[in-house]
Amino acid sequence: LPPKHPKKLKMKTFSRTVKLSQLCSIGVQLSHGSGKILQDIQKRHDLQTREKGPCDFITLADLTIQKYIIGSLKDEWPSLKIIGEEDPEECDKIAVEYEHHLNDHLIDYNWNISGEFNIKDLTVWIDPVDATWDLTEGLLDHVTNLIGISHLGN
């Protein structure tokens, strides 16, 4: 599990711009941390599955992971626009024990991605557990999460 006392990054800033390489690096790390959260919830047999709509399920993992990702991104970039699949009010009810621990080495890694963008032009889209139905059936090889980045709607 990600440690409860994360190391704060040197890069943390309330900047109006975001380096795409840093955002991608943090996205990869949060996706990895999300996998650890999912494994923890799965091991505890504590999915708390319920139906949102016809053939559309939600679990404790969906809510916990979305809150973890959004909270972590907002820690780094408070004004970043983030849209998650799950209802933010439901996520707020979840007590998240997981804090991110971002690896400075990966932040500094040359992702061969260039560009610095105005934060107001970016939107991050999150599907915390893609293939929730597969998760409820124990088909973990089919389960992933999605963190997408949109610039000016593209």
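The values are calculated or read from the model by the stated rules, or taken from the named source; none is laboratory data. Here the structure is a predicted model, which means the values were calculated and not measured. Please note: Cβ atoms are built from the backbone with ideal geometry, for glycine as well, and neighbour counts cover all protein chains shown.
Yes or no, residue by residue, for (1) among the basic types (Lys, Arg); (2) on the phi > 0 side of the Ramachandran plot; (3) modelled with pLDDT of 90 or more:
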| position | (1), (2), (3) |
| --- | --- |
| Ile83 | no, no, yes |
| His101 | no, no, no |
| Asn112 | no, yes, no |
| Asp134 | no, no, yes |
| Leu140 | no, no, no |
| Asn145 | no, no, yes |
>> Pull out all pairs, ordered by first then second residue, where Cβ-Cβ is under 6 Å, the residues are six or more apart or on different chains, the first lies in the range 50-73 and is over 14 Å from Lys93 (Cα atoms), and the second is among the polar types (S, T, N, Q) and outside any strand (DSSP E or B).
In response: Phe57/Thr49; Phe57/Thr132; Phe57/Thr136
> Being in a loop (DSSP other than H, G, I, E, B) and modelled with pLDDT under 95, is that true of even one residue in the range 15-32?
Replying inline: yes
>> I'd like to check which strands (runs of 3 or more DSSP E) are fully inside the range 38-88 and have at least 3 residues that are surrounded by fewer than 16 Cβ atoms within 10 Å (Cβ to Cβ) and touching a His at 6+ places or on another chain (Cβ under 8 Å).
In response: none
